[in-house]
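I have placed the structure first, in the form of structure tokens, so that the comments after it can refer back to it.
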Amino acid sequence: MEMFMKFLVAAIVAGTPLLFGTVGEILSEKVGHLNLGVEGMMALGACAGFMVGYLTDNLVLALVAAFGAGLLGALIYGVLTVTFLANQNVTGLTLTIFGQGLSNFIGYFMLENSESGTLKLPAQITAQMADVHIPVLSDLPVVGPLLFQYNPFVYLAIAIALVCAYYLFRTKTGLNVQAIGENPGAADAASIQVNRWKYFNILLGGGICGLGGAYCSMIINGGVWLADSTGGLGWIAVALVIFAAWKPQMAIFGSFVFGGLRVLKYYVPSNVINIPIAFYDMLPFLITALVLVISSMRKSTSSRIPGSLGVNYFREER
């Protein structure tokens, strides 16, 4: 039982960056834009958040930098696809290559100019990212470790997901945004500012993805800079959007499930099941592929893809 509890806690911690990326991508897809640049935006956020934290010793500035870097990556995507009507798939893939390349370049430059040859976050920031302890609640048996002993990023990710769910499904603006994703021409005819809300959602989603990247570089990697710190999590997040049926609240469950797949290798006794470690490393991506295949075969109105997803909107053609 104790081992299972530790596994659940580890799954939540490992799934948090996926939650950031998935919610960010949901916001973009809800306005009809399939942004395959999630990995690139997360890489930009990972680099910006880590480097600003390393140079300033300020966690708030680091988070703002990570959000801003992801937002700027999304802005590039938005200008090309919303304003200039570039192909969304090609633009997203290019953003991923650009984000990863720029992140690794800056990291390499900083490493070359560091005296120790490594980059490690200051102790003050590391302490601020430690697991919180809530009096009474954190000390409860079973419930305490499972719900009230995580680092602040975990609670931030869950809060963002719930706020975005409320925004999309419980507000007039959110319903207008979904109308844009279903039929931008009809939304435009109803006097909804299509391009304005496209930009808003795309940029907000990019910023949230940037926070997910910062989580990777600042927490998962132990506060030490490593190249390619996002490790392909952006691609899993794109598939998780389908798994979550384009609902941010469902993304909470989905991200923690895939987080469990990422840490499963540490909790399966090798003397019981003798499977190579490489299989466990492959497992999240294998399940991701299966999710895509099964979802393409399944026809469900409750998880229907936004009607205009991947299709650019040109007002003169409506």
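Laid out as a table, the results:
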item	result
Nearest-ten-degree value, helix 88-112 long axis tilted from longest Cα axis of the chain	30 degrees
Quarter of Cα convex hull surface for region 15-63, i.e. mean projection, nm²	3.8 nm²
Kirkwood Rh in Å, taken over region 88-241 so that all alpha-carbon pairs contribute	18.8 Å
Rg in Å to one decimal, and Dmax rounded to a whole Å, for the chain via C-alpha atoms	19.9, 66
Global geometry of region 56-165, whether rounded, prolate or oblate, following the gyration tensor of its Cα atoms and the 1.5 cut on a/c	oblate
Fully extended contour minus Cα-Cα distance, from residue 159 to residue 97, at 0.36 nm per residue	19.3 nm
Fully extended contour minus Cα-Cα distance, from residue 56 to residue 79, at 0.36 nm per residue	5.2 nm
Charge tally in the Cβ shell below 11 Å around residue 149, where Lys, Arg are +1 and Asp, Glu are -1, residue 149 excluded	-2
Count of Lys pairs (Cα-Cα under 26 Å; at least 8 positions apart or interchain) in region 2-317	9
Listed residues 24, 117, 73, most fluctuating in the chain (Gaussian network, C-alpha, under 10 Å)	117
Of 84, 260, 178, farthest towards positive along the dipole that unit charges on Lys, Arg, Asp, Glu beta carbons give the chain	178
Summed residue charge, Cβ within 15 Å of residue 163's Cβ, Lys/Arg positive, Asp/Glu negative	+3
0 to 90° range, to nearest 10: angle between helix 277-297 axis and the chain longest Cα axis	20 degrees
Surface accessible to a 1.4 Å probe, residue 118 within the full protein complex, Å²	80 Å²
Label zone at residue 5, where the point sits 7 Å out along the Cα-to-Cβ direction: region 114-151 residues whose backbone N lies under 16 Å	134, 136-150
Proximal charge balance of residue 267 [Cβ under 12 Å; K/R count +1, D/E count -1]	+2
Residue of 144, 78, 185 that the Gaussian network model of the chain assigns the largest fluctuation, springs spanning Cα pairs under 10 Å	144
Acute angle (nearest 10 degrees) that the helix 2-29 long axis makes with the longest principal axis of the chain, alpha-carbon atoms	20 degrees
For residue 27, solvent-accessible area (1.4 Å; no DNA, RNA or ligand), Å²	0 Å²
Highest-MSF residue in the chain out of 278, 159, 251 [GNM, Cα springs under 10 Å]	278
Surface accessible to a 1.4 Å probe, per residue, for the residues of the chain, Å²	47 Å²
Share of carbon and sulfur in the accessible heavy-atom surface of the chain [1.4 Å probe, %]	68 percent
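The values are calculated or read from the model by the stated rules, or taken from the named source; none is laboratory data. In this text the structure is predicted, and so the values were computed from the model without any measurement. Virtual Cβ from ideal backbone geometry, glycine too; neighbours counted across all protein chains shown. Side chains are part of the model used for accessible areas, which takes the heavy atoms of the whole protein and leaves out ligands, DNA and RNA. Shrake-Rupley method; radii C 1.70, N 1.55, O 1.52, S 1.80 Å.
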